Each structure stands twice: as C-alpha cells, then as structure tokens.
Amino acid sequence: EGVAVEGIGQLRPGDPVVHREHGIGLYRGLNSLKTAGSEQELLCIEYAGSDKLFLPIHRLNLVARFTAFEGTTPKVDRLGGETWKRSRKKVKKSLRDMASDLLSMHAARELAPGHSFGGRDTYFEEFEGTFPFEETPDQSAAIEDVLADMQRPRPMDRLVCGDVGYGKTELLIRAAFKALENAKQVAVLVPTTILA
C-alpha cells in the first residue's frame, strides 16, 4: 500500500498518498476546523472528481505515502468507488497464491536430498589462515552455522544479514571454498559492480 507516514512533516501538498479504506489520492495540505469552541487540524486528501476527504491528524496511521517507480504517476481513485476495493482483493489473492507457492516450495525442499559437504580439513584451515582480520564472535557463530548447514544432507536455506564491513564476504568465501573443495560449482551474485 505504501510507506508509513511517521509525521505530517513527511508530506508535501501534491504528494500521492494511500488511504487504507479509500485508496490513492493527493495530499492537499492541512485545514483547520472550528467546532464547539475547539480547533482541529485535518488532512485534506483529494480524489478523482475533486472529491475531498478530511482526516483528523490522530488518524494519520490510516495514510501511507504512495511509492512507485520513479517517473510514474499513480491513477487517483474515486472516493467511495469500487476500484480500490477490487485492487485490494486482487492483491490479497495474489499474496495468498504466492504464500501457497512458497509453502509448497519449502515443503519440497525439506524433502529433497542435498549434498553433504565435508567438515573442516587442513586445506580449509590453511585457507582460513590467509584472512587478515580476526573474526568477531557473531561472525564466528555465523561461519560455524553455515558450515554446519553445509554438512547436513539436505538443501541449505540460510540468510546472513549484517552491516557493511562486518565480514559477510569472508563468510561467503569460506562457503564457496568448501563447495569448490567438494567439486561443486559456485555462483556469486552481487547487486553492484563495486561489490563484485
């Protein structure tokens, strides 16, 4: 649906926004409403046909900033129309189908046999000795976990996360070495040329 709005300062008039119930509209700024001696700030969201929705600021959690590919402008929904409801239904069905496919794939992977790589040997320890940095406790634990996964006779399924400079590449190189040592092919995919 979009990116959560943490505060009203993140929105500028004209920004496309997504209201959870009414769909995509354009943020038109804040309006003041005086009732029974008190003044309330309301977000103004404009929909197709110049229809406007006024939303109290304390309901900001219902609104998200619209995100799309750069240069694309969203189609504004009609307030009270069926387009947004149909879009949500379609997305929900698509997500259910994707979740079902992922569950099926995961179940098949659990049943599929995998290659059991050997443990540490002198070649591996010699290779490890060439790394110039001492591992952090977290990095050492991740290395051991990955090597243990590789020794199991089933396909490995592990995601390693960490900030820049925390040694993910050293972990990857160790796993690649272990695979090559067992006569398996290795492919390394990276998102940028700099990382390659």
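The values are calculated or read from the model by the stated rules, or taken from the named source; none is laboratory data. None of the values given here were measured: they were computed from a predicted structure. Counting neighbours? That spans all protein chains shown, and the Cβs are built from the backbone with ideal geometry, glycine included. Accessible surface is based on the protein model in full, side chains and every heavy atom, while ligands, DNA and RNA are left aside. Shrake-Rupley method; radii C 1.70, N 1.55, O 1.52, S 1.80 Å.
Among the protein heavy atoms, those of His58 account for about 140 Å² of accessible surface (1.4 Å probe, every chain in place).
Tell me the carbon and sulfur percent of the accessible area for the chain, rounded to whole percent, probe radius 1.4 Å. Mind dumping the intermediate values first?
On the way: 7870 of 14030 Å².
That fraction is 56 percent.
With the whole protein complex present, Met156 retains an accessible surface near 80 Å², based on a 1.4 Å probe. Rg and Dmax, both from the Cα atoms of segment 1-116 and both in Å, are 19.8, 75.
Here the spin labels are modelled as points 7 Å beyond Cα on the Cα-Cβ line, and at Glu21 and Thr193 they lie 5.2 nm apart.
Given Cβ point charges of +1 (Lys, Arg) and -1 (Asp, Glu) and nothing else, what value in debye, to the nearest 20, does the dipole of segment 1-122 about its Cα centre take?
Values: 19 positive and 15 negative charges, 79 e Å.
So the magnitude is around 380 debye.
With the helix formula -39500 (n - 2.57) applied to DSSP H stretches of n ≥ 4, the chain reaches a computed 222 nm mean residue ellipticity of -11000 deg cm²/dmol. Applying the criteria of a DSSP loop state and at most 16 other Cβ atoms within 10 Å to the trypsin sites (Lys or Arg not before Pro) of segment 82-133 yields Arg120. Loop-located chymotrypsin sites (Phe, Trp or Tyr not before Pro) in segment 12-92 (DSSP state not H, G, I, E or B) with no more than 15 neighbouring Cβ atoms inside 10 Å: Phe69. The aspartates and glutamates within cross-link reach of Lys85, meaning a Cα-to-Cα straight distance under 15 Å and a gap of 8 or more places when in the same chain, are Glu1, Glu21, Asp77. Rounded to the nearest 20 debye, the dipole magnitude of segment 67-140 is 1500 debye, with +1 charges on Lys and Arg beta carbons, -1 on Asp and Glu beta carbons, and the Cα centre as origin. The mean accessible area for residues of the chain, using a 1.4 Å probe and ignoring ligands and nucleic acids, is 72 Å² per residue. At an R0 of 25 angstrom, the distance between the Cβ atoms of Tyr123 and Arg154 translates into a FRET efficiency of 0.55. Estimated at 0.36 nm per residue, the fully extended path between Ser87 and Asp145 surpasses their Cα-Cα distance by 16.6 nm. Between Cys161 and Cys44, the simple label model (points 7 Å from Cα in the Cβ direction) yields a spacing of 4.1 nm. For segment 1-117, relative contact order (Cα pairs under 8 Å, six or more residues apart, normalised by length) works out to 25 percent.
So, in Å, what gap is there between the alpha-carbon centers of segment 25-47 and segment 53-121? After rounding, the separation between the Cα centres reads 31 Å. Here the ratio of the Cα radius of gyration of the chain to 2.2 N^0.38 Å is 1.61. FRET efficiency for the pair Leu102 and Gln185, taken as 1/(1 + (r/R0)^6) with r the Cβ-Cβ distance and R0 = 35 Å, rounds to 0.85.
Each of Ser116 and Leu55 was given a label point 7 Å from its Cα along the Cα-to-Cβ line. The distance between the two points is 5.6 nm.
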